[in-house]
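One structure is given here, and the rest of the page talks about it.
The values are calculated or read from the model by the stated rules, or taken from the named source; none is laboratory data. None of the values given here were measured: they were computed from a predicted structure. Cβ placement follows ideal geometry from the backbone for every residue including glycine, while neighbour counts extend to all protein chains displayed. Note: areas computed on protein heavy atoms with side chains; ligands, DNA, RNA excluded. Shrake-Rupley method; radii C 1.70, N 1.55, O 1.52, S 1.80 Å.
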Amino acid sequence: MIHFVLLISRQGKVRLTKWYSPYSQKERSKVIRELSGIVLNRGPKLCNFVEWRGHRVVYRRYAGLYFCMCIDEADNELEVLDIIHHFVEILDRYFGSVCELDLIFNFHKAYYILDEVLIAGEFQESSKRTIIRLLSTHDSMVEMAKEEATSIGNMIAQVTK
Amino acid sequence: MNPFSSGTRLRDMIRAIRACKTAAEERAVVRKECAAIRAAINENDQDYRHRNLAKLMFIHMLGYPTHFGQMECLKLIASPGFPEKRIGYLGLMLLLDERQEVLMLVTNSVKQDLNHTNQYIVGLALCALGNICSAEMARDLAPEVERLLQFRDPNIRKKAALCSIRIIKKVPDLAENFINPVAALLKEKHHGVLITGVQLCTDLCKVSPEALEYFRKKCTDGLVRTLRDLVNSPYAPEYDIAGITDPFLHIRLLKLLRVLGRGDADASDSMNDILAQVATKTESNKNAGNAILYECVETIMSIEDNGGLRVLAINILGRFLSNRDNNIRYVALNMLMRAITVDAQAVQRHRATILECVKDSDASIRKRALELVYLLVNESNVKPLTKELVDYLEVSDQDFKGDLTAKVCSIIEKFSPEKSWYIDQMLKVLTEAGNFVKDEVWHALVVVISNASDLHGYTVRALFRALQTTAEQESLVRVAVWCIGEYGDLLVSNAGMLNVEDPITVTESDAVDIVESAIKRHASDLTTKSMALIALLKLSSRFPSCSGRIKDIVVQHKGSLVLELQQRSLEFNSIIEKHQNIRSALVERMPVLDEATFGGRRASSLPNTVSTSSGTAVKLPNGVAKPSAAPLVDLLDLSDDVPAPSSSGGDFLQDLLGVNLPPATQSEGTNQTPKAGTDVLLDLLSIGSTPAQDNNLSTPDILSSGQDNKPIIASLDLLAAPSNMMDLLDGLGPAPPKPAENGPAYPSIVAFESSSLRLTFNFSKQPGNPQTTMISGSFTNLSSNLFTDFVFQAAVPKFLQLHLDPASGNSLPASGNGTITQSLKVTNSQHGKKPLVMRLRIAYKVDGKDVLEEGQINNFPRDL
C-alpha cells in the first residue's frame, strides 16, 4: 500500500501531503524534511527509487514539482511510477495544462482529485474519463448550491429592503 | 453574503503569504489570519466556515498548528449541503489522524452520510472513512460499508471495496463478513470495481486463511479467465497506457494469483498458461509493460515450481539487468535477491553484471547491488569478489563507505579460507576505510592475529608499513599499536619472515616513534591513546635501550586532563622506574585470546561471527585453565558499557593494565570465587604464558595473599597517592611461593539430600569453553535397603543445554556401601549472567516398591 503522498517543489515547499498510515504531526514534518533533503538532491539520470527507513519512496519530477509516494518493500515500484503519471495526467486534464500555481491556489481541488485516484493508500480507478466526470459532477453540485444560496440571499435582500 | 465580514478570501490569503519575503513576515500574516479564524469560530460564524477551514488547511500545509479548527470540520460535516460536507471531510482527513479522540465524535455523522440518499455524499463519507478510520470506527461502521459493496452505482462499490480494506486491516476479525460480497465483485466488468475488488480480495487472503481457501477454490479459474480476456482485449482508449489495456488491473490480478498459487500445486497449475503468455507477449519498451513483467516474474517465482516458467522469469530479469534504464536495473536487482532462494545458480551467472552495479553512480542501485553481492558470496568465489570490493573501497564515495565496509568485513569474516588471507584483507580494509570499521570487527581481528602465532611477525611488519603510509584510520592505528606492543621484538628482528614479504629494517627507536606519533596525533581518541600507552609500557621491556625515552613519553601525560591517561601515565611510570624486577613479567605477551569465547560473545550481538577454527584449542603451558580467557577479551573490549564494578581482588590490577575505561570487566564468572581471582590476574598480567619463569612467582603471591578487600581500598587511593600502590606491591613481594592452581576449582556441592539418598556434584570445566560445565554426580544410598532400577532424570530451563551420560549402574547398595556415578554436561548460554539451575527426579525401587524423589538444585556455584 501507499503510506503517503508528497508533492514538494524544487525549493522544498510542500504543495500537497496525504497520509494513509498514522504519522503524528511531529513525524510528518520530520518525514517531509528528511525526504525533501534526499529526493531534491538526487541527480537527474538516477533511478526514481529511494530506500528510506525500511520503505521505498518512488518519486517523479514534473517541471519544478516532485511527486513522491512511499510504498512497502514488496510493492511494485514501476507501477507506482505509472500511478503518479496517472494522477498527473488527470490533474492536467482537469486544470487544462496544469502548473504549480494551479496546485497552490486550488490546492483543495488537487486533494479532491487525489481522493478519486487513491483511497486507503490503494489504487481506485484506472479510467481518467470516469474520474473527470465525477469531479465535474461534484463541482456542478457545488455551483448549484452556491447559486441557490445567492438567489435566496437576493430574495431576502429584496424582502427586507 | 455577510457585508460586515472582514475576512479575506482564500485566494487573497494565499497571495499575501506568497508575497512574504521572510519567514517572519509569513508568520505575521499567518498569525493574523489565525486570529481572525479563531474569532469567527468563537462567534460561530456560519457563512464563512468553509472558507475558514480551507484557509486553515493551507496554513496546516505550511506547518503551523491548526488544532483549533478540528471542531469546525465536524460542524461542516454535520451540515446538510454537499459543498460544506465536501470541504468538511477534506479537513477531517487533512487536519486529523486516526489517533485523535475527536474522531470518535464524527462516527455518527459518517454513519448518517453512508445512508444518505445522495450517492455523492455517500462517496465522500466512504472516502474519508477509508483514509482515516480507526479500529473503533471500523467496528461501528463495517455493516454499512459491507452493504454498500452492493450499491447500484459502481463508483460507490469501488470506494466501499477500498474502505473495506482499511476496515479489515484495522480489525481482522471482520474479514469473514466480507468474503461473500467480494466474490461477487470479482465477476464485475467495470474496471474500477474489479481493481478494487481484486485488491480487497488480496488483502482478505492475507488476514484470513479461510478467505484464502475459499477464493482459491471458487475464484482461481475465473480470475485466470479475466486476466486472459484482459491480455487479449482489443485496443481500449479509456484504459490504454502505452499500448496495454489497463496495466493497473493486470498487476492486481497477477498479485492475487500469486497469493492464490503460493503453496498450492493445483491453483499454480491452472495459472501456468496465462503467466507464460503474459511473460512472453508483454511489450517491454515502456514502463507500463515492464511493470507488468516485473509483477509476472514475482508471481512465477512465488507459485509452485514450474521449471520452464522459472527459466523464462530469470531470463526476463537478465534482460532487465542489462537494460539502460536505471529504474529497470534497480527492480531487477531487487527481484534477483528474491530469486536467489529459488535458483542460486541462475543468479550467479549474472555475478559480473551485479558487481558492476555496486560501482554504479546511483546510490539506490549501489545499495541494492551490494546486498545482492553479499548473498552471492560463497567459499568458491570469495577471493575474487572480495578483491573487487576492496579495490572499489578505495574510490567509493564517503556516504557509501560505511555500508560497503561493513559488508566487506562481514564477508571476510564469514568465508575466509585461511588466516593469512583474512589478516591480509582486513589490513587492506583498515588501511582504506579504518574509520568505518566497527569496534567488534577489529576486536575480532586482534583475536585472530593473536591466534595465528606463525603470522605474528608478518602481521606486525605489515601493520607497521601500513601505519607509515596512512595514519588517518583510527582502527588501523589501534590494531597496529596493539600489535607493535605485543610483537615489537618480531618487528625489529624480522623473525618469522614469510616468502612473500619484502624484508624491512626497523630499529627499536622506529617502533617507539610510530607509537609515539599515535599518541601525539590530535585525531587519536582516548582509547587509542590508552592503547598506545600500554604498547609503550610493553616496549619498554622489549627494548631496554629505549626504556629511558619511553619513560619520557609516558611522563608527558602525567598532567593530562583526562583522568584515564593521567592515571596510566603515573602507574606506568612507577613500573618503569621502580619495579624493574617485575616489569618484564608484568608486560609479557598476552596469552592467546580465546576465539571460541569471543565468537560466542559476538554471536549474541551479531549474525556473522568470526570463523572459529577448531584446531586452535588453547593450552597454556602452566595449566592455567581457560575460563579466564573471557576477561582477556574484555581487556580488549573497549566498550564503555561495562557493568558495575564487582568487588573482587582481580579488578584492581585489571585497572592497572586494563583498557576498559570504566574500571571493571564483565565478570565472566571467574573472579567471583576466591581462587579464580588469581587466574584472572595471572592472565591479565600475562604471567602464565611462559613456563618456568622465576620471577613470575612473585606476582601470584601478591595476588593470592592480598585479601580481597584490600586492593580495592588501594585502588581508590591510587590516584591520590600513586606510591601507595607501589607500597602495596612492594610489601607483598617476598612472600613464599605458591604453585599455580590447576584451573578454577569449584567446590563440590550436595545437590540433593533426602532421608534415604544423597547426591553430590563435582564440577570441572574444559579449557577454552567457560560456558560448558562438566558435572560428575555421585549418588549415595543412606538407607539400609538396596535400591534397584535406579533412574536419574534432570531438566533445565531454556538457556541451558543438558547432556546426560549413562549412569554407572542401576542398583545402589545400602548404607553408603557403593555409589552410582553419572556425568552431566551443562552448557550455559547466559554464562556469567545467569547461574545454573536444575530440577531433578530420581526413581528407584525398594523391595519392589516404586519410590519417586524430586527436587530442585539452586545452590550451584554462582559462576558456572
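Summary of computed values
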read-out: The range A:2-126 - percent of accessible surface contributed by carbon and sulfur, probe 1.4 Å; value: 51
read-out: Cβ-based charge dipole, the range B:736-864, positive-most Cα from B:Ser754, B:Ser829, B:Gly818; value: B:Ser829
read-out: Nearest 10 degrees, 0 to 90: helix A:128-159 Cα axis against chain A principal axis; value: 30
read-out: Around B:Val377: net Lys/Arg minus Asp/Glu count, Cβ-Cβ under 13 Å; value: +1
read-out: Computed over chain A: relative contact order in percent, which uses C-alpha pairs under 8 Å that are six or more apart; value: 21
read-out: Counted charge near B:Leu317, where neighbours are those whose Cβ lies closer than 12 Å (Asp, Glu -1; Lys, Arg +1); value: +3
read-out: Drop in accessible area of at least 20 Å² in the complex versus isolated chain, residues of the range A:51-68, 1.4 Å probe; value: A:Glu51, A:Arg56
read-out: Peptide A:137-148, shielding by other chains (average Cβ, 10 Å cutoff); value: 3
read-out: Electrostatic dipole magnitude of the range A:56-161 [Cβ: Lys, Arg +1; Asp, Glu -1; Cα centre; debye, to 20]; value: 520
read-out: Loop trypsin sites (Lys or Arg not before Pro), the range B:268-348, which have at most 10 other Cβ atoms in a 10 Å radius of their Cβ (DSSP); value: B:Arg324
read-out: Buried solvent-accessible surface, both chains (A, B), 1.4 Å probe, Å² to nearest 100; value: 5900
read-out: Net charge contributed by nearby residues that have their C-beta within less than 9 Å of B:Ser268 (K/R +1, D/E -1); value: -4
read-out: Cα shape, the range A:2-126, gyration tensor, a/c 1.5 rule; value: rounded
read-out: Residue mean of other protein chain beta carbons inside 10 Å, B:539-549; value: 0
read-out: Distance in nm between pseudo-label sites at B:Arg225 and B:Asn581 (7 Å out along the Cβ direction from Cα); value: 10.2
read-out: Gyration tensor verdict on the range B:470-520 (Cα atoms; rounded if a/c is under 1.5, prolate if a/b is larger than b/c, oblate otherwise); value: prolate
read-out: Å² of accessible area per residue within the range B:474-572, as computed with a 1.4 Å probe and no ligands counted; value: 38
read-out: 1.4 Å probe, heavy atoms, protein only - residues of the range B:121-158 losing at least 20 Å² accessible area vs chain alone; value: B:Cys127, B:Asn131, B:Asn155, B:Lys158
read-out: Crossing angle, helix A:107-117 versus chain A [Cα axis fit, 0-90 degrees, rounded to tens]; value: 70
read-out: Whole-number accessible area per residue in Å² for the range B:50-170, which is evaluated in the context of all protein chains at 1.4 Å; value: 33
read-out: Distance in nm between pseudo-label sites at B:Asp269 and B:Asn858 (7 Å out along the Cβ direction from Cα); value: 6.2
read-out: Number of partner chain Cβ atoms within 10 Å, mean per residue of A:75-87; value: 6
read-out: Pairs from B:Lys218/B:Lys281; B:Lys529/B:Lys551; B:Lys159/B:Lys217; B:Lys387/B:Lys428; A:Lys26/B:Lys159 whose Cα-Cα separation, in the structure shown, is over 20 Å; value: B:Lys218/B:Lys281; B:Lys159/B:Lys217; A:Lys26/B:Lys159
